[in-house]
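Asks: Mind looking over this structure? Questions follow.
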Amino acid sequence: MADQAFVTLATNDSYSRGAMVLGKSLRNHNTSKKLVALIGQQVSEQCQSVLKRIYDEVRVVDVLESGDTAHLAMMKRPDLGVTFTKLHCWTLTHYSKCVFMDADTLVLSNIDDLFDREELSAAPDPGWPDCFNSGVFVFCPSMETHGKLLQYCSEHGSFDGGDQGVLNGFFNSWSTADISKHLPFIYNLSSIAIYTYLPAFKQYGGNAKVVHFLGQTKPWSYTFDPKAKKITGSVNEATTHPTFLVDWWTLYSSAVVPMLKEQYGDNAFPIRMCGG
Ligand code: UDP
Ligand code: GLC
Ligand code: MN
């Protein structure tokens, strides 16, 4: 359907690499939806060109900052104030329904059935399951809702300094009102949960549809040997599952790196983006 889209956000080149892999993974699993990337002005021309090859629409947005250093420090993620920028997704009113996905997510099978759900549908957050995780959510673009969200931000701020705090405050009946708005955890499997409940992961993890590399260390923080199909250096197994990490890198090195090389030219291509 032309009026439905998957939407992601990348304010810089690092998260753009995540967005490229996410977009490719959605295409590989034959989505029939449009793909939209919201980007910050800081994203380089080269990365923008690659994103435009993968996404139907690449839109430059103003980067919003919560500036809430106190709450962000509690989460130990001073970098997440910019996630307020996510709220721009409600302005995409040429779509009637969208699914937002963090740039650090990877799709493992077709998830177009998410569009059968209503706003605001999301999966539980592994750290506090009465809150939803804002890495994957179904929403309906609306200038009215966008305005209300910004108003909510100015009146109440965010309890975590990022978008997840705002969205859980705004959609505060999520945990109790309507079970159909609770996405199964396999639509947003935070890699962190694998180690907090390994037996459940062993039981259900094979059905995972979306893996979310939640936490400070992202797939692009590692390096990879594409020939050996191995991550070089040590993997923080407390937060990242090695198999999913190899899946991310396999797609990145086979489908994204060649496009980046075309843009940067072999010589000028930043070596750390190559991963080995
Ligand atoms: N993001 C971004 N630039 C940043 C930080 C975050 O574009 O500097 C976007 C990106 O889409 C990212 C999302 O905001 O996936 C949420 O941040 P992150 O995934 O790092 O949070 P986590 O899931 O680890 O809590
Ligand atoms: C979370 C979510 C992420 C969000 C961040 C800040 O842990 O995974 O999507 O941006 O909190 O609120
Ligand atoms: Mn994330």
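The values are calculated or read from the model by the stated rules, or taken from the named source; none is laboratory data. Fair warning: this is a prediction, and the values are worked out from it, not measured in the lab. Note that each Cβ is placed from the backbone with ideal geometry, even for glycine, and that neighbours are counted across all protein chains shown. Areas reflect the complete protein model, heavy atoms only, side chains present, ligands, DNA and RNA absent. Shrake-Rupley method; radii C 1.70, N 1.55, O 1.52, S 1.80 Å.
Asks: Restricting to segment 87-111, and then to whatever is closer than 18 Å to residue 12 by Cα and open to solvent by 10 Å² or more (accessible area, probe 1.4 Å), can you tell me which residue is modelled with the highest pLDDT?
Replies: 102
Asks: Return yes or no: is residue 102 within 16 Å of ligand 3 (Cβ to nearest atom) and acidic (Asp, Glu)?
Replies: So residue 102 fits the description; yes.
Asks: I'd like to check which helices (runs of 4 or more DSSP H) are fully inside segment 1-86 and have at least 2 residues that are open to solvent by less than 20 Å² (accessible area, probe 1.4 Å). Write out each step before concluding.
Replies: On the way: elements: 13-28, 45-54, 69-74.
Once the helices (runs of 4 or more DSSP H) in segment 1-86 are filtered for at least 2 residues that are open to solvent by less than 20 Å² (accessible area, probe 1.4 Å), what remains is 13-28, 45-54.
Asks: Somewhere in segment 242-250, is a residue without any contact (Cβ under 8 Å) to a residue 60 or more places away in the chain, within 14 Å of ligand 1 (Cβ to nearest atom) and open to solvent by 50 Å² or more (accessible area, probe 1.4 Å)?
Replies: For segment 242-250, residues without any contact (Cβ under 8 Å) to a residue 60 or more places away in the chain, within 14 Å of ligand 1 (Cβ to nearest atom) and open to solvent by 50 Å² or more (accessible area, probe 1.4 Å): absent.
Asks: Only residues in segment 112-135 that are closer than 18 Å to residue 159 by Cα and modelled with pLDDT of 95 or more count as the first member; pair them with residues that are assigned to a loop (DSSP other than H, G, I, E, B) and away from ligand 3 (no atom under 15 Å from the Cβ), Cβ under 7 angstrom, at least 6 apart or cross-chain, and list the lot.
Replies: 130/175; 132/174
Asks: Open to solvent by 60 Å² or more (accessible area, probe 1.4 Å) and either hydroxyl-bearing (Ser, Thr, Tyr) or outside any loop (DSSP other than H, G, I, E, B) (or both), is that true of residue 253?
Replies: No; evaluated as a whole, the condition is false for this residue.
Asks: Within segment 208-226, restricting attention to residues that are touching a residue at least 24 places away in the same chain (Cβ under 8 Å), more than 19 Å from residue 185 (Cα to Cα) and in a loop (DSSP other than H, G, I, E, B), which residue is most open to solvent (accessible area, probe 1.4 Å)?
Replies: 216
Yes or no, residue by residue, for (1) within 17 Å of residue 218 (Cβ to Cβ); (2) under 17 Å from the mean Cα position of the chain (by Cα); (3) within 16 Å of ligand 2 (Cβ to nearest atom):
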site: 12; (1), (2), (3): yes, yes, yes
site: 24; (1), (2), (3): yes, yes, no
site: 68; (1), (2), (3): no, no, yes
site: 77; (1), (2), (3): yes, yes, yes
site: 105; (1), (2), (3): yes, yes, yes
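Listed here are the residues, each with its yes/no results for (1) away from ligand 2 (no atom under 16 Å from the Cβ); (2) open to solvent by 60 Å² or more (accessible area, probe 1.4 Å); (3) in contact with a strand residue (DSSP E or B) (Cβ under 9 Å, 6 or more places away or on another chain); (4) part of a loop (DSSP other than H, G, I, E, B).
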| residue | (1), (2), (3), (4) |
| --- | --- |
| 135 | no, no, yes, no |
| 146 | yes, no, no, no |
| 203 | yes, yes, no, no |
| 206 | yes, yes, no, no |
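Asks: Are any of the residues in segment 101-113 in contact with an Asp or Glu (Cβ under 9 Å, 6 or more places away or on another chain) and not in a loop (DSSP other than H, G, I, E, B)?
Replies: For segment 101-113, residues in contact with an Asp or Glu (Cβ under 9 Å, 6 or more places away or on another chain) and not in a loop (DSSP other than H, G, I, E, B): present.
Asks: Moving on. For segment 77-98, state whether one or more residues are farther than 21 Å from residue 57 by Cβ, more than 9 Å from ligand 1 (Cβ to nearest atom), in contact (Cβ under 8 Å) with a residue 12 or more places away in the chain and not aromatic (Phe, Trp, Tyr).
Replies: Checked against the condition, which is being farther than 21 Å from residue 57 by Cβ, more than 9 Å from ligand 1 (Cβ to nearest atom), in contact (Cβ under 8 Å) with a residue 12 or more places away in the chain and not aromatic (Phe, Trp, Tyr), segment 77-98 yields no hits at all.
Asks: Still on this model: Counting only residues that are farther than 15 Å from residue 163 by Cβ and either buried (at least 20 other Cβ atoms within 10 Å of the Cβ) or of a type in the set (Lys, Arg) (or both), which one in segment 116-125 is farthest from ligand 3 (Cβ to nearest atom)?
Replies: 117
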